[in-house]
Amino acid sequence: MESSLGDSLVRLLGANSVLPVVDGNVDGRTPQVVVRPRDRVQISEFLSWASSEKVSVLPRGGGTRMGLGNVPRSADVVLDLSRLDRVVDYQPADMTATVEAGVTLASLQERLAPGGEFVPLESALPGRSTVGGTLSVGAGGPLAQAYGLPREWLIGISVLSPLGVATKAGGKVVKNVTGYDLNKLYTGSLGTLGVIVEASFKLLPIDPESGALLVSFPSLLDSVLAGRKLVRSPAGPLGYHGMTFGVFRRLQDSIQAASQGLGLGDTDAALSLAFYSGRAKATGRRMGEAAALLLSEGATAVQRVEGPAAQGLLRWIGDVPSEISPRSVLVMRLSVQPQSAARASVECGEVTLSGGKPDQIADPGFGAIRLFWPTPTDVPSAGGFVPGVRAAGLAQQQPILDAINRTQQVAKKYGGSAVVEHCPLHVKGQIDVWGDAPDSMAVMRRLKDKFDPGGMLNPGRFLGGI
Amino acid sequence: MTTKQFLTGLQRIVGEENVVFHPDDLLVFEYDGSVDRGLPQAVVFPASTDEVSRVIALAHRAGVPVVGRGTGTGLSGGAITPPGGIQVAFPRMNHILEVDTENRIAFVEPGVINLDLDTHVRKMGLRYAPDPSSQRACSLGGNIAENAGGPHCLAYGTTTNHVLGMEVVLEDGSVINLGSLARETVGYDLRGVFTGSEGTFGIATRIAVRLLPVPESVRTFLGIFPDVESACTAVSAVIEHGIVPAALEMIDALTIQAVQNVSDAGYPDDAGAVLLIELEGLQDEVDEIGGEVEAALWETGATQVRTAEAADEREQLWVGRKGALGALGSIAPNYFLVDGVVPRTKLAQVLGQVAEVSRKYNIPIANVFHAGDGNLHPCLLFDERQPGAIQKIVEAGTEVLQVCVDAGGTLTGEHGVGLEKKEQMPLVFSDDDMAAMLLVRQAFAPDNSLNPGKIFPDGKSHTPRAHPFAPGMTV
């Protein structure tokens, strides 16, 4: 079977577009082939073939989030979209850009920078994460409080249906109500409805000044409560993140130098980062007022960094979850009503695993909290590169399930949801990582059935086993 | 089920006094702000989600199409009832249920008027950002159906960027919740695709919208330009400075003339274009950026620049823009408004082509538009009493849309496709594109009994009628 699938695909697409499976393991399932088509025509030919052969397909951008979602029901072929790497159209004066799905976020921003603009899409590892992947995940980043989710910036999309039929929605203009807004539907659908091949975005001007505050607090709760005050004040930042010791001890090099005066030796202490940008005078005023406000709200020290150092901090806070996750036994992301972030953070902090409390990064402006329960030993886990030995993990199964359940209850209590981003594979196989199905589940299932009647795209990975 | 049984059933659900079915009473529900009409067999005024659910379930069993109606300010025929259909309207579901100032969320019923919500929350230092120019009359439920915009959506986005969650009734009467009070949701973004679905997926009965803080400082600039071209250059110059104003609006010479006919807005007789720019933010930002905006206006050929910060003085600068459509009545008895959008850099070129259409058909066209986001509103002026006038207007309007699409734009920026533009959809979308859209409708409303006959081409011509200059019919 393995060779015949590969042989068929080589005949269909040519040897250059079919790759051996190297690191293609997805939640313990190893696909038989990775295809890397050279253009949309080839992707379309491939999808048409795959649907007639009833082959399951897992689209992949940069491959940075392949561990997200439920364990796939099947994973025959990984569809690598990295050759779709053209910036199709960029008009600085229109403040819009149209790009292919395989363009990485970093290369897109580099391309836009000479025009004085950027696209407010955020993802960890922007040098690898692609536009298509970021849209499919649909999540917010460190500045989500200011910029919201990718859905806010997507103005047009081209998608290949599971049969390989090219469709589009939206357009290249920044305001558009012509036809249904399928941009919203595809964003965050984890590749379960179609394969995104091109997207158009509205852009923002790059602010001339940027800066960040590094702030120490006696505890995470102090940090989150003060952050809540700050984000509601006129000195509100673009993004505010309070974090525990296990997170900020990873701050390195230049950033560490900047944080030396903060007195962060205590493991109960918390560090907050607040990010700013804008015109020089207003940004200076905001940061000055913010420092004063945070000090009056219990901060023990505040340090200010500017320009490149602030940019470095922003990249760090964006990437650090992907650094901590492989060393964690369980990672969850909560989205709750912002005002409830402090209470949710405290209650989740009491959910222990093997006696250990979770490390946290809490964003009280957007209402997002990431929780990392550290690995006591090297427990094999899904999403990592090494499946490893499972025996050590099996003993822990029930406590992990309990921790997941308790965290999801907290999220629900505060009007939100909690997604399991990372956990041992044998646990993952027993849960829906997205949590309970909402009362709109029937509509979601009908959507999947209409768009992908053969269930060939990312089968089983999405909410409710979609 | 006979018609009588059906009507009696409706009366049982909402009470006799809340079902209208006498032809005289129905006339007012025959039209909206568009050029189309269609008489419903009844209009129902429910008071609760439960009543909406039971009404829709009854209609579904009876095979009767249902149209949700906001306040009828839409300009694309979205609220026009298909033959045999009923309307569900929301004058009784017009309550602001709760304002959560901590989380900056308002919970409202669909009949709440846009401006009433904004006025209410401003007392708490908050605002509801989407501000369609009909905001004195239009409702939040209608805003969701159309994904309404407004002058300030340049900086803040349209309705879809401000709706967090909704309770909606589907065509079989079932009630589901879309979105959530948290900013991230799991599963498909049903709230996102529902917004702007023109009432074809369901009817929103409870809506949670995001509120924003009122900015520390607001400054409005009014620039007078000799012609539209130089005003468009000013728009580009502002954008090139890395400035995204809160609003960026323009009116052309014919509109200026109409405004001056009605009351003196202080525009010179020879003005070719008026550009309005609004900045919001910290005082320091408004000062610094304001200086750049003012310089850009002078550098690009403004003959006059006026600024204001106090609310009443800013209102004075806006008066000409806000009253523009009403003032067009001083030039011709009727207008037909086209809602095309083009990339911002194509504005001047497209306006030139619109002027050619005007000459070709000998129809005066006044332009009132959202220059910042490229959303044109060419108003084709005519007199419905002249034979063949409406047919000529529809042809010229289609040509204007073709010009927009050829420039890389689209059919509608904020008013919706409705009945009016459904036959033009193929200018923008292929059959496959539309087939994908229809899959979503099949998932929400398999029987297509909610607002059927809208958005997608079906070859069935609609019944245009002339536009009355009714109050509230503004953009």
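The values are calculated or read from the model by the stated rules, or taken from the named source; none is laboratory data. Just so it is clear, the model here is predicted, and its values are computed rather than measured. Cβ atoms come from the backbone with ideal geometry, glycine included; neighbour counts cover every protein chain shown.
Residue pairs whose Cβ atoms lie under 8 Å apart, sitting 6 or more positions apart in sequence or on different chains, and linking a residue in the range B:318-335 that is more than 17 Å from B:GLY266 (Cβ to Cβ) to a partner that is acidic (Asp, Glu) and in a loop (DSSP other than H, G, I, E, B), are B:ALA332/B:ASP383; B:PRO333/B:ASP383; B:PRO333/B:GLU384; B:ASN334/B:ASP383; B:ASN334/B:GLU384. Screening A:GLY179, A:GLY227, A:GLY133 for residues that are crowded, with 24+ Cβ neighbours inside 10 Å and farther than 30 Å from B:ASP431 by Cα leaves exactly one candidate, A:GLY227. Only one entry in B:VAL193, B:VAL175, B:VAL163, B:VAL209 is surrounded by fewer than 19 Cβ atoms within 10 Å (Cβ to Cβ), of a type outside the set (S, T, N, Q) and at pLDDT 95 or above, namely B:VAL175. Looking at the range B:291-321, which of its residues are buried (at least 20 other Cβ atoms within 10 Å of the Cβ), modelled with pLDDT of 95 or more and of a type in the set (Gly, Ala, Ser)? Once the filter is applied, which keeps residues that are buried (at least 20 other Cβ atoms within 10 Å of the Cβ), modelled with pLDDT of 95 or more and of a type in the set (Gly, Ala, Ser), the range B:291-321 yields B:ALA296, B:ALA302. Of all residues in the range B:151-178, those satisfying the criterion of being without any contact (Cβ under 8 Å) to a residue 60 or more places away in the chain and touching a strand residue (DSSP E or B) at 6+ places or on another chain (Cβ under 7 Å) are B:HIS162, B:VAL163, B:LEU164, B:GLY165, B:MET166, B:VAL168, B:ILE176, B:ASN177, B:LEU178.
Across the range A:424-457, the number of residues qualifying as more than 13 Å from chain B (Cβ to nearest Cβ) and not aliphatic (A, V, I, L, M) comes to 7.
Rundown of residues vs (1) closer than 30 Å to A:SER51 by Cβ; (2) polar (S, T, N, Q); (3) out of contact with any Asp or Glu (no Cβ under 8 Å at 6 or more places or on another chain), yes/no style:
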{"position": "A:ILE157", "(1), (2), (3)": "yes, no, no"}
{"position": "A:GLY171", "(1), (2), (3)": "yes, no, yes"}
{"position": "A:ILE196", "(1), (2), (3)": "yes, no, yes"}
{"position": "A:GLY211", "(1), (2), (3)": "no, no, no"}
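Considering B:VAL293, B:VAL259, B:VAL274, the condition of being assigned to a strand (DSSP E or B) and away from chain A (no Cβ under 12 Å) is satisfied by B:VAL274 alone. Reported count of residues in the range A:130-165, each being farther than 17 Å from B:MET437 by Cβ and not charged (D, E, K, R), is 23.
The set of residues in the range B:157-173 being part of a loop (DSSP other than H, G, I, E, B) and either more than 10 Å from chain A (Cβ to nearest Cβ) or more than 21 Å from the chain's Cα centre (by Cα) (or both) consists of B:HIS162, B:LEU170, B:GLU171, B:ASP172, B:GLY173. Can we say A:GLY127 is facing chain B (nearest Cβ under 10 Å) and assigned to a loop (DSSP other than H, G, I, E, B)? No: the conditions fail for A:GLY127. Do we find that A:SER272 is touching a His at 6+ places or on another chain (Cβ under 8 Å) and not assigned by TED's automatic domain parsing to the domain that holds A:ARG333 in this structure? Spelling it out, A:SER272 is indeed touching a His at 6+ places or on another chain (Cβ under 8 Å) and not assigned by TED's automatic domain parsing to the domain that holds A:ARG333. Within the range A:35-67, if we keep just the residues that are within 23 Å of the chain's Cα centre (by Cα) and aliphatic (A, V, I, L, M), the residue that is farthest from A:GLU122 (Cα to Cα) turns out to be A:VAL57. Checked against (1) more than 13 Å from every other protein chain (Cβ to nearest Cβ); (2) touching a strand residue (DSSP E or B) at 6+ places or on another chain (Cβ under 7 Å), B:ASP131 passes all but condition (2).
If I filter the range B:237-262 down to residues being in contact (Cβ under 8 Å) with a residue 40 or more places away in the chain and of a type in the set (Gly, Ala, Ser), which single residue comes out as surrounded by the most Cβ atoms within 10 Å (Cβ to Cβ)? Going through the qualifying residues, I end up with B:ALA258.
Quick one: is B:LEU337 under 16 Å from B:THR410 (Cα atoms), among the hydrophobic types (A, V, I, L, M, F, W, C) and at pLDDT below 95? In short, yes.
For B:ARG37, the stated conditions do not hold, so it cannot be described as farther than 30 Å from A:ARG343 by Cβ and modelled with pLDDT of 95 or more. Selection within the range A:412-423: residues that are touching a strand residue (DSSP E or B) at 6+ places or on another chain (Cβ under 7 Å), within 14 Å of another protein chain (Cβ to nearest Cβ) and not β-branched (Val, Ile, Thr). The member of this set that is farthest from A:GLY28 (Cα to Cα) is A:GLY416. Among helices (runs of 4 or more DSSP H) entirely within the range A:138-246, having at least 3 residues that are under 30 Å from A:LEU47 (Cα atoms) and within 13 Å of chain B (Cβ to nearest Cβ) singles out A:182-186.
Residues are listed down the side, and each one gets a yes or a no for (1) hydroxyl-bearing (Ser, Thr, Tyr); (2) assigned by TED's automatic domain parsing to the domain that holds A:GLU421; (3) under 30 Å from B:LEU126 (Cβ atoms):
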position	(1), (2), (3)
A:VAL137	no, no, no
A:LEU149	no, no, yes
A:LEU160	no, no, no
A:GLY164	no, no, no
A:LEU190	no, no, no
A:SER200	yes, no, no
A:GLY227	no, no, yes
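Among the numbered conditions (1) under 17 Å from the mean Cα position of the chain (by Cα); (2) in contact (Cβ under 8 Å) with a residue 40 or more places away in the chain; (3) buried (at least 21 other Cβ atoms within 10 Å of the Cβ); (4) not in a helix (DSSP H, G or I), the only one that B:LEU181 does not meet is (1). Under the condition of being over 15 Å from B:GLY84 (Cα atoms) and outside any helix (DSSP H, G or I), the residues counted in the range B:1-18 number 1. Out of the residues in the range A:102-113 that are more than 13 Å from chain B (Cβ to nearest Cβ) and part of a helix (DSSP H, G or I), which is nearest to A:SER277 (Cα to Cα)? Restricting to residues being more than 13 Å from chain B (Cβ to nearest Cβ) and part of a helix (DSSP H, G or I), the top hit is A:GLN109. Listed by first and then second residue, the pairs with beta-carbon distance under 6 Å, at least 6 apart or on different chains, first residue in the range B:195-210 and in the same structural domain as B:THR71 (by TED's automatic domain parsing) and in contact (Cβ under 8 Å) with a residue 12 or more places away in the chain, second surrounded by 24 or more Cβ atoms within 10 Å (Cβ to Cβ) and small (Gly, Ala, Ser), form an empty list. Applying the criterion of at least 1 residues that are among the acidic types (Asp, Glu) to the strands (runs of 3 or more DSSP E) found wholly in the range B:193-254 leaves B:247-252. Of the strands (runs of 3 or more DSSP E) lying entirely inside the range B:21-137, the ones with 2 or more residues being surrounded by fewer than 21 Cβ atoms within 10 Å (Cβ to Cβ) are found at B:96-100.
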